[in-house]
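Chemist: Structure in structure tokens, see below.
The values are calculated or read from the model by the stated rules, or taken from the named source; none is laboratory data. All values reported here derive from a predicted model rather than from experimental measurement. Cβ atoms come from the backbone with ideal geometry, glycine included; neighbour counts cover every protein chain shown. For accessibility, only protein heavy atoms count, side chains too; no ligands or nucleic acids. Shrake-Rupley method; radii C 1.70, N 1.55, O 1.52, S 1.80 Å.
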Amino acid sequence: MDQSKAPVLDALAAYHESGQTPFTPPGHKQGRGADPRVRAVLGEAVFRSDVLATSGLDDRTSSQGIVEEAQALMAEAVGADHAFFSTCGSSLSVKSAMLSVAGPHEKLLVGRDAHKAVVSGLILSGIRPVWVDPQWDAERHLAHPPSAEAFEAAFAEHPDARGALVTTPTPYGTCSDLAAIAEVCHRRDRPLIVDEAWGAHLPFHRDLPTWAMDAGADVCVTSVHKMGSGLEQSSVFHLQGDRVEPEVLKSREDLLGTTSPSVLMYAALDGWRRQMVEQGGALYDHALALAHETRARIDRIDGMHVHGRDDFCGPDRAADMDPLQIIIDISAWEVTGYRAADWLRENHHINLHLADHRRISAQLTHADDGDTTGVLLAALTDLAAHRGELRTGRPVQVPPPSGLRLEQADLPRDAFFGPTEQVPWDKAAGRIAAEMLTPYPPGIPAALPGERLTMDVLRYVRSGVESGMVVPDAVDTNVESIRVLCEE
């Protein structure tokens with residue numbers, strides 16, 4: 001295929017040139033009805049290109065196949081058999097993938113470091129999760145993706161599992177040995193789903209970790225808005241092989257997705273694919289060199305340690321890591337990452353990727369340059385000078401790895417939709433959670449519906465909130481009370 005083409009962008013240009021007059025949604029009619037104050041902020045071009053995909057960009061029957069051609073170009077660019085665009089983010093894409101592999105009450109092996117979107121998929125579908133433990137780094141209180149051996153053991157105990165789902169890279173940039181996990185699955189003719197939301201860029205440079213399709217995954221979900229040039233909510237999920245039928249995957253997406261997809265998002269996805277095919281190698285040559293230099297300079301700031309391969313990769317740890325995720329340990333300061341991130345935003349107008357009880361992180365992409373990293377370095381240097389002001393004396397009470405693991409006492413769906421009550425947090429130990437408790441970002445639940453709560457996890461979340469942790473999906477976001485399943 002001609003990878004220099006951008007079918008959606010070309011169709012938008014043709015739409016503008018043809019002078020069409022819409023009597024369809026969207027109701028702003030290419031911005032004519034939008035408040036001028038809104039147009040002043042968003043820009044005229046946003047409204048002008050916000051058109052219908054059918055009876056707008058294409059005709060009523062989609063006879064020109066514009067979106068289909070753009071998806072085929074994407075699949076070829078990354079070496080997949082099929083690619084599907086999603087305008088509801090990878091939160092929708094991963095649910096579509098899960099529903100394509102397992103149905104209600106069927107088992108699916110899932111890494112316990114999964115994003116809350118995966119847990120939402122379990123709640124909606126009624127799939128029975130078989131949790132596969134991540135590889136815990138007890139020294140750094142950090143989880144790396146589960147090993148192939150862990151999936152092998154889970155399949156041995158649950159041979160009726162319909163497939164497996166692993167998250168890689170993690171939000172911390174650490175990667176699993178996907179080829180080995182794929183081999184475990186395929187030996188049983190079971191599909192492997194990879195939530196690669198943080199890895200849309202991986203196919204486009206040889207020095208980045210191996211991307212899921214090259215490692216043999218069956219379905220791979222990517223968030224192009226995270227590390228690529230897509231607009232927020234832009235996602236692509238890819239398929240190869242015959243263990244999951246493309247018609248089934250498309251029908252599951254159709255079940256969950258919108259009937260009014262954003263052409264703006266389609267256009268950005270289309271243009272990003274062309275950019276990566278034509279310029280990705282050079283762009284990531286620069287980005288990786290910039291990351292190497294920036295990591296070294298941050299590591300020289302007093303009290304800051306930038307995690308590298310020596311920390312994250314090796315036996316019982318990750319198989320690889322993405323150096324564009326700059327993970328900075330500030331535990332030597334006795335300052336939480338939450339406090340540091342808030343201080344940087346307030347004093348330097350810098351927004352960091354994630355923060356936890358002892359770390360902050362900065363995500364670099366192909367869009368960064370010496371100017372942006374210079375701003376980051378200056379701000380981090382100033383942060384180091386003010387670290388004494390940020391100590392609270394109230395550390396987050398992080399339990400040992402074994403203390404973070406909860407018993408799955410009920411199906412996530414049954415607990416979420418069952419009869420519930422709100423109880424004080426210090427009275428919730430031993431009760432079955434009926435909600436997710438998710439430190440965000442990165443969005444990995446500390447507790448999820450159906451898990452039996454322990455005081456270790458409750459103290460972790462409660463002390464985290466007192467130290468600046470955000471738990472947005474809890475009914476009581478202060479976590480002074482917890483929603484639990486009613487006892488008989």
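Chemist: Taking N as the number of residues in the stretch 1-147, what is its alpha-carbon radius of gyration divided by 2.2 N^0.38 Å? Kindly include the intermediate steps, with their values, before the conclusion.
Modeler: Details: Rg = 21.4 Å, N = 147, 2.2 N^0.38 = 14.7 Å.
For the stretch 1-147, the normalised Cα radius of gyration comes out at 1.46.
Chemist: Roughly speaking, to the nearest percent, how much of the chain's 1.4 Å accessible area is carbon and sulfur?
Modeler: Of the solvent-accessible surface of the chain, carbon and sulfur hold 49 percent.
Chemist: Return the calculated 222 nm mean residue ellipticity for the chain, to the nearest 500 deg cm²/dmol, obtained by summing -39500 (n - 2.57) across DSSP H runs with n ≥ 4 and dividing by the residue count. Write down the numbers at each step before the final one.
Modeler: Working: 18 runs with 189 residues, N = 488.
Computed mean residue ellipticity for the chain: -11500 deg cm²/dmol.
Chemist: Same structure, new question: Which whole-number percentage describes the relative contact order of the stretch 181-239, with Cα contacts under 8 Å and a sequence gap of 6 or more? Provide the component values of the computation, followed by the final result.
Modeler: Working: 94 pairs, mean separation 18.9, N = 59.
The normalised contact order for the stretch 181-239 reaches 32 percent.
Chemist: Moving on. What percent does the relative contact order of the stretch 143-208 come to when contacts are Cα pairs within less than 8 Å and at least six residues apart?
Modeler: Numbers: 74 pairs, mean separation 24.4, N = 66.
RCO, the stretch 143-208: 37 percent.
Chemist: Counting only the heavy atoms of the protein chains, how much of residue 177 is accessible to a 1.4 Å probe, in Å² to the nearest 10?
Modeler: Probe radius 1.4 Å; accessible area of residue 177 about 80 Å².
Chemist: On to the next question. Which shape class applies to the stretch 40-111: rounded if a/c is under 1.5, otherwise prolate when a/b exceeds b/c and oblate if not, where a ≥ b ≥ c are the square roots of the Cα gyration tensor eigenvalues?
Modeler: Values: a/c = 2.28, a/b = 1.72, b/c = 1.32.
Note, shape of the stretch 40-111 comes out prolate.
Chemist: Within 11 Å, Cβ to Cβ, of residue 132, how many net charges do the neighbouring residues add up to if Lys/Arg are +1 and Asp/Glu are -1? Could the numbers behind the result be given before it?
Modeler: Details: positive: 112; negative: 113, 133, 149, 152, 157.
Net local charge, residue 132 excluded: -4.
Chemist: How would 254, 10 line up by accessible area, probe 1.4 Å, largest first?
Modeler: Working: 254 105, 10 85 Å².
Ranking 254, 10 by accessible area, largest first, yields 254, 10.
Chemist: Here's something else I'd like to know. To check you understand DSSP bridge types, tell me what percent of the beta bridges within the chain (both residues inside) are antiparallel, rounded to 5. Show your work: numbers first, answer last.
Modeler: On the way: 34 of 50 bridges.
Around 70 percent antiparallel, to the nearest 5.
Chemist: Also, quick follow-up: Binning at 5 Å from 0, report for the stretch 327-389 what percent of all alpha-carbon pair distances ends up in each bin.
Modeler: It works out to 4, 18, 32, 28, 13, 5, 1, in whole percents.
Chemist: How much solvent-accessible surface does residue 375 expose, in Å² to the nearest 10, with a 1.4 Å probe and all protein chains in place?
Modeler: 80
Chemist: Just to confirm, what accessible area per residue do you get for the stretch 109-264 at 1.4 Å probe, in whole Å²? Kindly include the intermediate steps, with their values, before the conclusion.
Modeler: Working: 5400 Å² over 156 residues.
Using a 1.4 Å probe on heavy atoms only, each residue of the stretch 109-264 averages 35 Å².
Chemist: Moving on. P(r) for the stretch 76-138: what percent of alpha-carbon pairs falls in each 10 Å bin, starting at zero?
Modeler: The distribution over the stretch 76-138 is 20, 44, 29, 8, 0, given as percents.
Chemist: With an 8 Å cut-off on Cα pairs and a minimum separation of 6 or more residues, tell me the relative contact order of the chain in percent. If you can, show how the numbers build up before the last one.
Modeler: Values: 972 pairs, mean separation 68.0, N = 488.
Here the relative contact order equals 14 percent.
Chemist: Now, a different point. Expressed in whole Å with the largest first, what are the equivalent ellipsoid semi-axes of the stretch 188-254 derived from the C-alpha gyration tensor as the square root of 5 times each eigenvalue?
Modeler: 21, 17, 8
Chemist: Now a separate question. From the P(r) of the stretch 297-348, could you give the percentage of C-alpha pairs in the tail past 18 Å?
Modeler: On the way: 573 of 1326 pairs.
Looking at the stretch 297-348, the distances longer than 18 Å represent 43 percent of pairs.
Chemist: Would you kindly calculate the mean projected area, averaged across all directions, of the convex hull enclosing the Cα atoms of the chain, in square nanometres? Display every interim value, and only then the final one.
Modeler: Values: hull surface 96.4 nm².
Across all orientations, the chain yields a mean hull projection of 24.1 nm².
Chemist: Can you sort 113, 473, 426 by solvent-accessible area, 1.4 Å probe, largest first? Before the final figure, lay out the partial values.
Modeler: Numbers: 113 10, 473 40, 426 80 Å².
These residues rank, largest area first, as 426, 473, 113.
Chemist: Which sequence of 15, 460 reflects their accessible areas, 1.4 Å probe, from the largest down?
Modeler: Values: 15 15, 460 35 Å².
So, going from the largest accessible area down, we get 460, 15.
Chemist: What translational D, rounded to a whole number of µm²/s, comes out for the stretch 346-423 from Stokes-Einstein when the hydrodynamic radius is the Kirkwood one over Cα pairs, at 37 °C and 0.692 mPa s?
Modeler: On the way: Rh = 17.2 Å.
Calculated translational D: 191 µm²/s.
Chemist: Using only the alpha-carbon atoms, what does the stretch 1-83 span along each of its principal axes? Please give whole angstrom values in decreasing order.
Modeler: For the stretch 1-83, the Cα extents along the three principal axes come out at 44, 28, 20 Å.
Chemist: If you don't mind, there's one more thing I want to ask. What size of dipole, in debye to the nearest 20, comes out for the chain about its Cα centre when the only charges are +1 on Lys and Arg C-beta atoms and -1 on Asp and Glu C-beta atoms?
Modeler: Details: 44 positive and 70 negative charges, 180 e Å.
So the magnitude is around 860 debye.
Chemist: Cα centroids of the stretch 419-488 and the stretch 284-307: how far apart, whole angstrom?
Modeler: Each part's Cα centre sits 36 Å from the other's.
Chemist: For the stretch 359-391 and the stretch 187-220, what is the separation of their C-alpha centers, rounded to whole Å?
Modeler: Centre-to-centre distance over Cα atoms comes out at 31 Å.
Chemist: For the stretch 282-403, divide the Cα radius of gyration by the Kirkwood radius and give the resulting Rg/Rh value with two decimals. It would help to have the intermediate numbers written out before the result.
Modeler: Working: Rg = 14.9 Å, Rh = 15.2 Å.
When Rh is taken as the Kirkwood radius, the ratio is 0.98.
Chemist: Once you order the gyration tensor axes a ≥ b ≥ c over the Cα atoms, which shape class does the stretch 418-460 get: rounded for a/c under 1.5, otherwise prolate or oblate by comparing a/b with b/c?
Modeler: Details: a/c = 1.99, a/b = 1.33, b/c = 1.50.
It comes out oblate by the Cα gyration axes.
Chemist: Measuring from centroid to centroid over Cα atoms, what is the spacing of the stretch 85-99 and the stretch 308-357 in Å?
Modeler: If you average the Cα positions of each part, the centres end up 28 Å apart.
Chemist: For an R0 of 22 angstrom, estimate the FRET efficiency from the Cβ-Cβ distance between residue 2 and residue 62 and round to the nearest 0.05.
Modeler: Working: r = 20 Å, r/R0 = 0.93.
The formula returns an efficiency of 0.60 here.
Chemist: Which pairs, out of 5/116; 95/427; 5/250; 29/95; 107/427; 226/427, put more than 29 Å between their alpha-carbon atoms?
Modeler: Working: 5/116 36 Å; 95/427 33 Å; 5/250 24 Å; 29/95 33 Å; 107/427 32 Å; 226/427 39 Å.
In this structure, 5/116; 95/427; 29/95; 107/427; 226/427 exceed 29 Å between Cα atoms.
Chemist: If you don't mind, there's one more thing I want to ask. How much of residue 274 can a 1.4 Å solvent probe reach, expressed as accessible area in Å² and rounded to 10?
Modeler: For residue 274, solvent-accessible area is about 70 Å².
Chemist: Per residue, how much accessible surface does the stretch 295-425 expose to a 1.4 Å probe? Answer in Å², no decimals.
Modeler: Details: 6210 Å² over 131 residues.
The answer is 47 Å² per residue.
Chemist: Using Stokes-Einstein with the Kirkwood hydrodynamic radius over Cα pairs, what translational diffusion coefficient do you get for the stretch 225-326 at 25 °C and a viscosity of 0.890 mPa s, in µm²/s rounded to a whole number? List each step's numbers first, then the result.
Modeler: Working: Rh = 17.4 Å.
Calculated translational D: 141 µm²/s.
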